[in-house]
Amino acid sequence: MSYILHYAPDNASLIIRMALERLGVDYDTVLVDRSTAAQRSDAYLKINPNGLIPTLETPQGPF
């Protein structure tokens with residue numbers, strides 16, 4: 001499993017991207033659309049029960 005970064009512009013995901021790039025880790029990104037409150041959707045709350053952005057899914061679980 002690769003890493004999956006759930007992000008939204010201006011939500012502090014840049015530092016996570018920089019760290020992943022620096023470590024040479026493969027990752028995919030998924031835009032969380034704040035205009036539709038996607039961070040409050042059932043699907044997103046299963047990943048991050050607090051509804052916070054960004055969330056990084058790893059083989060060990062989400063952070």
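Read-outs: derived from the displayed coordinates by stated rules, not from any lab. Note that the coordinates shown come from a computational prediction; the quantities given were computed from them, not determined experimentally. Backbone-built Cβ (ideal geometry, glycine too); neighbour counts: all protein chains shown.
Does Thr58 count as surrounded by fewer than 16 Cβ atoms within 10 Å (Cβ to Cβ) and touching a Phe, Trp or Tyr at 6+ places or on another chain (Cβ under 6 Å)? Judged against the criteria, Thr58 is a match. Of the residues making up segment 33-62, those that are part of a strand (DSSP E or B) and not acidic (Asp, Glu) are Thr55, Leu56, Thr58, Gly61, Pro62. Among the residues of segment 35-49, those identified as exposed (fewer than 10 other Cβ atoms within 10 Å of the Cβ), farther than 18 Å from Asp10 by Cα and not aliphatic (A, V, I, L, M) are Asp42, Lys46, Pro49. Gly24 meets each of the listed conditions (1) small (Gly, Ala, Ser); (2) more than 11 Å from the chain's Cα centre (by Cα); (3) surrounded by 10 or more Cβ atoms within 10 Å (Cβ to Cβ) apart from (3).
Out of the residues in segment 1-36 that are of a type in the set (Ser, Thr, Tyr) and in contact (Cβ under 8 Å) with a residue 24 or more places away in the chain, which is nearest to Pro62 (Cα to Cα)? If you could, list the steps in order and put the result at the bottom.
Restricting attention to segment 1-36, the residues satisfying the condition of being of a type in the set (Ser, Thr, Tyr) are 2-3, 7, 13, 27, 29, 35-36.
If we keep only those that are in contact (Cβ under 8 Å) with a residue 24 or more places away in the chain too, we end up with 2-3, 7, 13, 27, 29.
On the way: Ser2: 12, Tyr3: 9, Tyr7: 13, Ser13: 14, Tyr27: 13, Thr29: 14 Å.
The extreme case among them is Tyr3.
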